[in-house]
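Student: Just dropping this structure here.
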Amino acid sequence: MKRNFYKATTVLLSTLTLSAAVLPCLAEDTLSSEQTALMAGSCANCHGTDGRLVGSVPTIAGRPAAVLEARLLAFKRDEISDTTVMDRIAKGFTNAELAALASHFSAIDPQADDATETEQEPQE
Ligand code: HEC
């Protein structure tokens, strides 16, 4: 599990670097649900499809948006000392994007069984 996690992390961080470069262009004042879903897709690799993975990476689906947003902003501001990757990830997004991601994941039912751990649902 750990080994897979690191492998996924490596692949992912390169994907994220790319997304971080491209996505800010998309995000002006308001983010459409399509834009947010695109950003949220990059979180699925570690947090599971729709953020519902239960394991060494914290579940983020269905948690209060204010809590998720506060955590993401704290990662971005280097206020969380035991972070491994989220500090770097959070820095790739604007505050508005982090808020949109927080409400995206808080709206997902963590108990729903239509997700698998490894597959990402196709974007509409
Ligand atoms: C490379 C794997 C990885 C990716 C990609 C990733 N995360 Fe995380 N996330 C983690 C890990 C590991 C933690 C635990 C804190 C740490 O070690 O940084 C975490 C913690 C969090 C937390 C705090 C949860 C808590 O209970 O404290 C939030 C919120 C979060 N991630 C949201 C996101 C969002 C939103 C994205 C997409 C933009 C994302 N993560 C992408 C691995 C990842």
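The values are calculated or read from the model by the stated rules, or taken from the named source; none is laboratory data. In this text, all values refer to a predicted model and were calculated from it rather than measured experimentally. Don't worry about glycine lacking a Cβ; one is built from the backbone with ideal geometry, like all the others, and counts go over all protein chains shown.
Student: Restricting attention to segment 46-65, and to residues there that are modelled with pLDDT under 90 and of a type in the set (A, V, I, L, M), which single residue is farthest from the ligand (Cβ to nearest atom)? Break it down stepwise before answering.
Tutor: Of segment 46-65, the ones modelled with pLDDT under 90 are 46-59.
Keeping just the survivors that are of a type in the set (A, V, I, L, M) gives 53-54, 57.
Details: L53: 10, V54: 12, V57: 5 Å.
Only one residue fits best here, namely V54.
Student: Could you please find all residues in segment 59-88 being over 24 Å from A107 (Cα atoms), basic (K, R) and in a loop (DSSP other than H, G, I, E, B)?
Tutor: Filtering segment 59-88 down to residues over 24 Å from A107 (Cα atoms) leaves 77-84, 88.
From what's left, basic (K, R): 77, 88.
The answer is R77, and nothing else.
Student: Continuing with the same structure: Take the residues in segment 46-65 that are within 13 Å of the chain's Cα centre (by Cα) and β-branched (V, I, T), then tell me which one is surrounded by the fewest Cβ atoms within 10 Å (Cβ to Cβ).
Tutor: Checking each candidate, the answer is T59.
Residue-by-condition table, conditions (1) away from the ligand (no atom under 11 Å from the Cβ); (2) at pLDDT 90 or above; (3) surrounded by 12 or more Cβ atoms within 10 Å (Cβ to Cβ):
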| position | (1), (2), (3) |
| --- | --- |
| T15 | no, no, yes |
| L31 | yes, no, yes |
| A44 | no, no, yes |
| V67 | no, yes, yes |
| F75 | no, yes, yes |
| D78 | yes, yes, no |
| L101 | no, yes, yes |
| Q111 | yes, no, no |
| D114 | yes, no, no |
